[in-house]
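Taking it in order: structure first as structure tokens, then the write-up.
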Amino acid sequence: MPQDLRVLPRVVVQGLPKSGKSTVCAKIAEVTGAVHLQMEELIEGFVDRDSSFAEKVAEKLRNQGRDLDDLMLVQLIQKRVEMADCAANGWVLENFPQTRSQAILMAKKSLNPCNVIYTSMPIEEVYKRTAPLQNEEFSCNRVILGRRLKYAQSNLPGTIYFF
């Protein structure tokens, strides 16, 4: 293998809520130097920037009170991975894409991961891990968690569409 060839990590980590995705991403980032990307942080990071794209993001979120569509989410990722730190060190994307259309859009934008990791865990363990947090974190509320698990189960590795 040539010594001047460097392969940068491009990794997607998916799985059930509270299944260890953040921990896996953090470890990969620590070992490889790749940038750990989380959608919430990506969105927050772009809302306050001074650019026309950031203005579109802020307009949708603040003024219209709407969620970002799949294309805008993928464009956010694309703009982030083009930044110097990701371009130099690679990236680890947590829990995205979540739908077939998001995966297709990522592929069209050449955001193809080298690896996809799925953290597997029994649903009973997810409930056990979230029990202490159910009154503190919105995502751990039993109704919300039940809906998230139902959605996640409909997209288990056998049915996750990827590149």
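Quick notes
- Every test in (1) farther than 30 Å from Arg147 by Cα; (2) at pLDDT 95 or above; (3) hydrophobic (A, V, I, L, M, F, W, C) is passed by Val13 save one, and that test is (1).
- Some residue of segment 23-30 being small (Gly, Ala, Ser), modelled with pLDDT of 90 or more, closer than 17 Å to Asn115 by Cβ and in a helix (DSSP H, G or I): yes
- Close pairs from segment 101-112: first within 12 Å of Ile77 (Cα to Cα), partner acidic (Asp, Glu), Cβ under 9 Å, at least 6 apart: Gln102/Asp70; Leu105/Asp70
- Subset of segment 124-133 (residues that are surrounded by 15 or more Cβ atoms within 10 Å (Cβ to Cβ) and not basic (Lys, Arg)): Val126, Tyr127, Thr130
- Pairs, first on the phi < 0 side of the Ramachandran plot and touching a residue at least 60 places away in the same chain (Cβ under 8 Å) in segment 13-34, second of a type in the set (Asp, Glu) and not in a helix (DSSP H, G or I), C-beta under 6 Å, six or more apart: Val13/Glu94; Lys21/Glu94; Cys25/Glu94
- Looking across segment 102-123, the residues that are surrounded by fewer than 17 Cβ atoms within 10 Å (Cβ to Cβ), under 16 Å from Val13 (Cβ atoms), out of contact with any Gly (no Cβ under 8 Å at 6 or more places or on another chain) and among the polar types (S, T, N, Q) come down to Asn112, Asn115.
- Consider segment 126-141 and keep the residues that are touching a residue at least 12 places away in the same chain (Cβ under 8 Å) and not aromatic (Phe, Trp, Tyr). The one that is nearest to Gly15 (Cα to Cα) is Val126.
- Scan of segment 81-101 for residues that are under 12 Å from the mean Cα position of the chain (by Cα) and either surrounded by fewer than 19 Cβ atoms within 10 Å (Cβ to Cβ) or part of a loop (DSSP other than H, G, I, E, B) (or both), ordered by number: Asn95, Phe96, Pro97, Gln98, Thr99
The values are calculated or read from the model by the stated rules, or taken from the named source; none is laboratory data. Since the structure is predicted, the reported quantities are computational estimates derived from the model, not experimental observations. Note: ideal-geometry Cβ built from the backbone for every residue, glycine included; neighbour counts use all protein chains shown.
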